[in-house]
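Single-structure report; data block below.
The values are calculated or read from the model by the stated rules, or taken from the named source; none is laboratory data. A quick note: this is a predicted structure, and the numbers were derived from the prediction, not measured. Glycine gets a Cβ as well: all are built from the backbone with ideal geometry, and neighbour counts include every protein chain shown.
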Amino acid sequence: MNVRTKIIALFLVCSYCAAPALASVSIERVEYKGWVDALHLSNGEVELVVVPQIGRIMHYGFVGDENILWSDPETHGVVLPDGNPFVDEDGAYTWTNFGGDKVWPNQQSEFADINGHAWPPDHAFDGGVHEVELLEDGVVITSPVSLYNGARSIRSIRLAGEGTRVDIHQKIEKVQLAQREELEPLRYTIWNVTQINPPEQTLYPLNPHSHFDMRYFPFGFAQSAAVRNFTIQGDIGIFVPDAEENQKTGADSDRWLAGIVGDVVMAEFFRRDATQRYPDGGLSAEVYTCPDYTELELLSPWVYLEVGETLEHPIAWELLKLPPSADTPAARRAAAVAWLAQ
């Protein structure tokens, strides 16, 4: 192994992020909701759309069925002007919330120091045009190098030849010093943010050795709502969206995070390395909900990188179609947990 590379938690991946077998995956360049040169991947059972123009996955679902990922119709076909964020009438940057799935590179509390503004996120990672390379069973998308933090993301997205599995190998590569060199060395995380259509419920496996008193953490901006909408059954945390309030929780979970959208379970698989420090006080998984969508968020360890070093955090997605007999929230949850625990 190259001593200049920090590969965090890769040895823990096991079967969750095993390389998929090459089989019949079709890849086609398409126009998708106004974006050109999008990549449509399908194995006949599920389909995936990657949009390099905005650097993310925008569609994931069973063929001919609902897209599980959320997007804002008002942003369809929109691209950032010259790769830079839009600005409001006061000249301040604004966030173009395209939806879909992308990564952020730093803990949010450090955005202001690193980027020069607390919001929106770094546009090189969130919204910038990504380079693309075609694979036999997927694509690789590479972000621009951030002017703020000096790093870029490289994501290899592969669809299995059969079934619903998508393997996403994620890497942040430190290319140059940060714009504010006095902040070096900078600490990075691969913060995976997947926006899905409003789920009935989201599920965490709670850490039996959690250092959080409640085994999960309710974020303070809507703590009362988060606590009200979070319940625990055994080792499973159940977080239900609120009809009116935005809310967020997190946990030091391992293995998976899932949401139930209609009769479909979307699961994100990962591994947590208990020897490493994690962002946001030790959170490896977070869920944000608002009336329009929910975010499934996975975070890698929080690691200092020197120029030439990389941080890696592989994840995988799968879908499960629930049977008609799972006709209550409790029955859908039981079926989902039985599948996730396999």
- When both residues are 6+ apart or on different chains and their Cβ atoms are under 8 Å apart, which pairs have a first residue that lies in the range 79-91 and is without any contact (Cβ under 8 Å) to a residue 24 or more places away in the chain, and a second that is assigned to a loop (DSSP other than H, G, I, E, B) and surrounded by 11 or more Cβ atoms within 10 Å (Cβ to Cβ)? Phe86/Leu80; Phe86/Thr94; Phe86/Thr96; Val87/Thr94; Asp88/Thr94
- Message: Given (1) assigned to a loop (DSSP other than H, G, I, E, B); (2) among the acidic types (Asp, Glu); (3) within 23 Å of Ser109 (Cα to Cα), identify the lone condition not met by Glu244.
- Response: (3)
- Message: Exactly one condition in (1) surrounded by fewer than 21 Cβ atoms within 10 Å (Cβ to Cβ); (2) at pLDDT 95 or above; (3) assigned to a loop (DSSP other than H, G, I, E, B); (4) not hydroxyl-bearing (Ser, Thr, Tyr) is false for Gly91; which is it?
- Response: (2)
- Item | the range 111-136, residues that are of a type in the set (Asp, Glu), surrounded by 18 or more Cβ atoms within 10 Å (Cβ to Cβ) and either in contact (Cβ under 8 Å) with a residue 60 or more places away in the chain or more than 28 Å from Ile157 (Cα to Cα) (or both) | Asp126
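Do we have Tyr304 as farther than 15 Å from Gln201 by Cα, of a type outside the set (A, V, I, L, M) and assigned to a strand (DSSP E or B) here? Explain how you work it out, then say what you get.
Working: farther than 15 Å from Gln201 by Cα: yes; of a type outside the set (A, V, I, L, M): yes; assigned to a strand (DSSP E or B): yes.
Judged against the criteria, Tyr304 is a match.
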- Output the residues belonging to the range 251-281 that are more than 23 Å from Ala226 (Cα to Cα) and not polar (S, T, N, Q). Asp263, Val264, Phe269, Phe270, Arg271, Arg272, Asp273, Ala274, Arg277
- Query: Under 7 Å by Cβ, and 6 or more places apart or on different chains, what pairs join a residue from the range 316-332 that is part of a strand (DSSP E or B) with one that is among the hydroxyl-bearing types (Ser, Thr, Tyr)?
  - Reply: Ala316/Tyr16; Trp317/Tyr60; Glu318/Thr164; Leu319/Thr164
- Item | Top-ranked residue of the range 281-310 - restricted to ones that are in contact with an Asp or Glu (Cβ under 7 Å, 6 or more places away or on another chain) and among the charged types (D, E, K, R), ranked as nearest to Asn197 (Cα to Cα) | Glu297
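Please enumerate the residues belonging to the range 49-78 that are aliphatic (A, V, I, L, M), within 21 Å of Tyr288 (Cβ to Cβ) and free of Cβ contacts under 8 Å to residues at least 60 places away in the same chain. Show your work before the answer.
Going residue by residue through the range 49-78, those that are aliphatic (A, V, I, L, M) are 49-51, 54, 57-58, 63, 68-69, 78.
When the remaining residues are screened for being within 21 Å of Tyr288 (Cβ to Cβ), the result is 54, 57-58, 68-69.
Listed by number, the list holds a single entry, Met58.
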- Selection from the range 86-122 of residues that are closer than 25 Å to Ala267 by Cβ and of a type in the set (Val, Ile, Thr): Val103
